[in-house]
Structure formats: C-alpha cells, structure tokens
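Before any comments, here is the structure.
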Amino acid sequence: MKIGVISDTHGLLRDEALAALQGVEHILHAGDVGDAAILDELRAIAPVTAIRGNVDTHGACALLPATEMVSLAGISFYLVHSVHDLDLNASAAGVRCVVSGHSHMPLIEERRGVMYLNPGSAGPRRFALPVTVAHVFIDGEAMRAEIVEIL
C-alpha cells in the first residue's frame, strides 16, 4: 500500500503536490489545511484522513478533529499537528507511525519501535525550508517512508 502524507498547506495546494500524490491509496493531512476545498481536491485522488492545525480556526477546517487514529493495511497511524502535543504513549497504544506537521521541517525517525514522520510543508515556502510531501509504503508488516521534495 502506498500512502501520501501532506501537511501545512495553509490554503495553497500546489500542482506539484497533487502530482506527487497521484497513485496513492490514502492521503493523510497533518493539519494547517487552510481551506476545506483542498481536502476536496485531495479526495479526488484518494480517501483522506485530516486533522486541524493551529491556523484552522474558522469554517469547515475548524471542525476537523485535533487528533485522529487510523489503521491502514493493518498499521496504526496517529495524526497530531504538533508532535509536542502528542497526548499518548504511541508505543503502548500500538501506534506504528505518528504523523505530525507544524514545524515545516521534514523528518523521518524511529523511536522505541514507532516511526515519527513529519512530511514538511507543501504550502507557502517558509524561510529556506524545502517544499515537501511524504510517501509511506506498507508491505505486510514492513513499513518505510520517504520525503519527496516537490519544489
């Protein structure tokens, strides 16, 4: 299974992000959506699980959950906009991947058997940080992720 992961669009869904997400079977949006129409565009590619971020204070995006747990191909993912707001022990909860955003800094690291994935920001460029999304690949019990620089 191939999963697309995106965050911090801040109301901007780039064509390059859409192209990078083509062919995925599910999309995870880790918040700061900025415009609910972005989720509709992503749903045209694949089913979407999305949470709100700190900029999602008005309209439909404000109604998104602050956190979400989803199981894809038997792997549990936990979405939280800022990893500093993580409100559970991921390993004890059986979570295999914590997906966050907020920092705009792409990151893949493993701690105590849990992958921590920040796809970076796919929206407006911030400072000198890259514009990125991520892919997660699941094959049975094996899982790997990659950061995809789109701009």
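Here are a few things to note about the model shown:
- Number of positions in the stretch 88-104 that are over 13 Å from Ala66 (Cβ atoms), surrounded by fewer than 20 Cβ atoms within 10 Å (Cβ to Cβ) and among the aliphatic types (A, V, I, L, M): 2
- Filter result (part of a strand (DSSP E or B) and either at pLDDT below 95 or open to solvent by less than 10 Å² (accessible area, probe 1.4 Å) (or both)) within the stretch 1-49: Ile3, Gly4, Val5, Ile6, Ile27, Leu28, His29
- Sole exception among (1) of a type in the set (Gly, Ala, Ser); (2) touching a residue at least 12 places away in the same chain (Cβ under 8 Å); (3) over 29 Å from Gly140 (Cβ atoms) for Ala62, by number: (2)
- Residues of the stretch 76-87 that turn out to be closer than 29 Å to Gly140 by Cα and surrounded by fewer than 19 Cβ atoms within 10 Å (Cβ to Cβ), as a count: 5
- Any chance Asn118 is surrounded by fewer than 20 Cβ atoms within 10 Å (Cβ to Cβ) and of a type in the set (S, T, N, Q): no
- Residue identified as open to solvent by 70 Å² or more (accessible area, probe 1.4 Å) and more than 23 Å from Gly11 (Cα to Cα) among Arg111, Arg125: Arg111
The values are calculated or read from the model by the stated rules, or taken from the named source; none is laboratory data. The structure displayed is predicted, hence computed values, not measured ones. Positions of Cβ are backbone-derived with ideal geometry, glycine not excepted, and every protein chain shown enters the neighbour counts. Areas reflect the complete protein model, heavy atoms only, side chains present, ligands, DNA and RNA absent. Shrake-Rupley method; radii C 1.70, N 1.55, O 1.52, S 1.80 Å.
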